[in-house]
Amino acid sequence: MTLREKTAQLVGVWVGASDEGGEVAPHQHEMEEPPDLGTLLPYGLGQLTRPFGTAPVDPALGALSLLRSQQRIAAANRFGIPALAHEECLAGFAAWGATAYPVPLSWGATFDPSLVRRMAATIGRDMRAVGVHQGLAPVLDVVRDARWGRVEETIGEDPYLVGTVGTAYVQGLESAGIVATLKHFAGYSASRAGRNLAPVGMGPRERADVILPPFEMAVLEGRPRSVMHAYTDTDGLPSAADEALLTGLLRDTWGFTGTLVADYFGVAFLKTLHGVAEDWSDAAALALAAGVDVELPTVKTFGQPLLDAVESGALPEALIDRALHRVLVQKAQLGLLDADWSPVPAVLADTDLGEPEKLRGLVDLDRAENRRLAAQLAEQAVVLLRNDGLLPLRHPARIALIGPNGDEPTAVLGCYAFPVHVGGQHPETPLGIELPTLHEALTAEFGTEPVTVRGVTVDGDSTDGVAEAVRAAREADVVVLALGDRAGLFGRGTSGEGCDAQSLELPGRQRQLLEAVLDTGTPVVVTLLAGRPYALGRAVGEAAAIVQCFFPGEAGTQAVAGVLSGRVNPSGRLPVSVPVHPGVQPSTYLAARLGQAGEVSSSDPTPAFGFGHGLSYSEFTWSGLQVEVAETGTDGEFRCAFELHNTGARSGSEIVQLYLHDPVASVVQPVQRLVGYRRIPLDTGAGCRVEIRLPADLASFTGRAGHRIVEPGALELRISASSTDIRFAVPLRLTGPVRPVDHTRRLHPVVTVGAADGS
């Protein structure tokens, strides 16, 4: 291959993207003119960017368009190599008419990796069926500051939860033949003050023990075939130019062999935002040398500027060959280099491609099985934060549905759901999927139509509608108060990419509406459809119930209605803490002693509801703790067991959570951190024996010398219902020498559920 043919395989092209109107991606308006495909394609093409996720298109017609593009690309270059097509799939395939699943923060709330794995496999099959090869998910960023707009895209504030659920997503997507892409590697969520793309000031120990473990687990256990670098710089070093991170750690240590792709315009940002590159050639050389293989979304620096860098001697051609080898190996794995390769996707097989309009409606990306799975995820993700006994509702005669999210179809969607991400720029186009409002869901659930009053908008300043809301509340038996967010991009919403918050106060005038409705004395069920946790003020102590949902997807309102009626027994748990005060940030449960409340500061970060919290309509008893091995070497394993019984009047699920407390260590440790969990469904009256084997490796941390170690000394295993609800505190002790460990260490406890003693 010529040098130009080689570099052509290292770029994507975004056909149909425009610098006019709203932005789909950051700094999209800075894109160069659309590339001249007639000039580019004879040399080949690495990737096609978002053929379905750029504008609304019928899925069958989109598949046909992609087929024809691939035929043109393969025919134009002398090797007959087609492009790899990638798409977003953060909360479902980001295509018109595709199922909108709950956002990743809701995946975390389920504490159910197996269900997330099933969802990802289903998403992958839909993508593969229409000719897509790569999905830009999952997001493995750990929440460090809930003001960050992209909290909704994350799985939570704990690295073990993020790692296990994210790895399950990778396994599901890859099982369908889709290349999973881990992002954003690494540290994006730790930006200062929660501002998008802001510098990251964390130290190497926080990076090693909080930010990197989810990526490490996903690489080792999920076997993804792609990773995307982060936009941010850490201590002055941009991720896109960090060779120690992208090559030294990811490839040389962890053994990753796939492709490393740029976040959109991320290579160019080395010049425009980070100021570490003098020109486009310099930016391309820095990124390629660090380990970036493919520039996305469209050719900018890896085109002529990269050629110039090689021809000037600033960059050795061997680095081009290194990236090219990775790209071509991946294309070979996908069958794109096979002699009998065909661009015809599965959904168009045995169809007449000569009459495109007859294909319209042929492909269903929101099948009944998808919708059932979306409903199951949504139901498991609903978190009941508070309940004074009002819930489940016993067929109230008069329901007042008040609040800005009560009658809004898209209130259940995050910013990467197609109707929000792209559809918002095409208001003339139907949503493409059924999105019942909470008004419609409550009407169907209870058989009576609630009186619905908006009161205020999500983020407006007007309170003119509050008086009407108060009247409706006074005349009702119960109020369902629907508050929360509106997803959007770059300031067009209150949650989503580029929609960062200055505090965790409810947006707009929602707090005033909340207080006015509470003042009526009518029982209030606060229901949140949001992308991040918010301080709820008086509701924490005065609301009859609080139901937290993190953008639960197309089946979300039915899930909420089911929880309110009792048809669904809530089992979700908080993947992020809910604060008492809106301004105490950043604050997560994963804090050291001085990060928690104390006499040294008048600022109290104690949460209103802690990580892992969630109520049920069932009652569970934990009893009969037995500690079999409480002392072991630094290479050993602890063992204990207890019994769990459902003593309530209905079937339900308890989530057993394992936290490790290290009271004395050579470096400061979090007071506790999650090291394991297990979702356990039990019928009413049923019980089980839960056996725990905890390897000493789970006590490892990054020591003073910067290496991961297991230290001898005292530990405490906290077997808990949440980070704030410890059921058993088990004293443990590690003996022997300090033991170095690496990425080959054990990453999980073994939690076995068996028959209860005597049953």
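Read the figures in this text as sums done on the coordinates, not as results from a lab. As the structure is a computational prediction, the values presented were derived from the model and not from experiment. Cβ: placed from backbone, ideal geometry, glycine included. Neighbour counts: every protein chain shown.
With a Förster radius of 22 Å applied to the beta-carbon distance between residue 243 and residue 744, the computed FRET efficiency rounds to 0.40. Under 1.5 on a/c is rounded, so check that first for region 557-677, then, if it is not, pick prolate when a/b is larger than b/c and oblate when it is not; a ≥ b ≥ c are the square roots of the alpha carbon gyration tensor eigenvalues. In terms of gyration-tensor shape, oblate. Per-residue Cβ neighbour counts within 10 Å put 228, 1, 119 in the sequence 1, 228, 119, beginning with the fewest.
Note on residue 729 and residue 596: the model spin-label points, each 7 Å out from Cα along the C-beta direction, lie 0.9 nm apart. The HN-Hα couplings worked out from phi for region 426-436 by the Karplus form 6.51 cos²θ - 1.76 cosθ + 1.60 (θ = phi - 60°) are 10, x, 7, 8, x, 4, x, 9, 7, 10, x Hz, whole numbers, x standing for Gly and Pro. Restricting the trypsin sites (Lys or Arg not before Pro) of region 664-718 to loop positions (DSSP other than H, G, I, E, B) with no more than 11 neighbouring Cβ atoms within 10 Å leaves 704. By definition, a body whose alpha carbon gyration tensor gives a ≥ b ≥ c is rounded when a/c is under 1.5, and region 368-609 falls into this rounded group. Amide hydrogen proximity for residue 633: with H placed 1.01 Å from N in the peptide plane, the residues at 5 or more positions away or on another chain lying under 5 Å are 735. Candidate values (1) 3, 14, 24, 25, 19, 11, 3, 0; (2) 2, 12, 20, 24, 22, 14, 5, 1, 0; (3) 3, 12, 19, 20, 16, 11, 8, 6, 3, 1, 0 were compared with P(r) over Cα pairs in 10 Å bins from 0, in percent computed on the shown model; the agreeing label is (1).
Adding -39500 (n - 2.57) for every DSSP H run of four residues or longer, then dividing by how many residues the chain holds, sets the calculated 222 nm ellipticity at -6500 deg cm²/dmol. Sequence-ordered 3J(HN,Hα) estimates for region 576-584 from the Karplus curve with 6.51, -1.76 and 1.60 and θ = phi - 60° stand at 9, 6, 9, x, 7, 10, x, x, 8 Hz, glycine and proline given as x. Near residue 290, within a Cβ-to-Cβ distance under 9 Å, what is the net charge of the other residues, with Lys and Arg +1 and Asp and Glu -1? The answer is -2. In order along region 243-254, phi translates into HN-Hα couplings of 5, 5, 7, 6, 10, x, 7, 4, 9, 5, 8, 7 Hz, rounded to whole numbers, per the Karplus curve 6.51 cos²θ - 1.76 cosθ + 1.60 with θ = phi - 60° and x for Gly and Pro.
The Cβ shell under 14 Å around residue 239 holds other residues with a net charge of -4, Lys and Arg each +1, Asp and Glu each -1.
Taking other residues whose beta carbon is less than 14 angstrom from the beta carbon of residue 122, and scoring Lys, Arg as +1 and Asp, Glu as -1, yields +1. Using a cut-off of 28 Å between Cα atoms, the listed pairs 300/331; 300/358; 271/331; 183/358; 183/271 include 300/358; 271/331; 183/358 as exceeding that distance. DSSP beta bridges confined to the chain are antiparallel in about 55 percent of cases.
The residues 308, 725, 388, when put in order of fewest to most other Cβ atoms within 10 Å, stand as 388, 725, 308.
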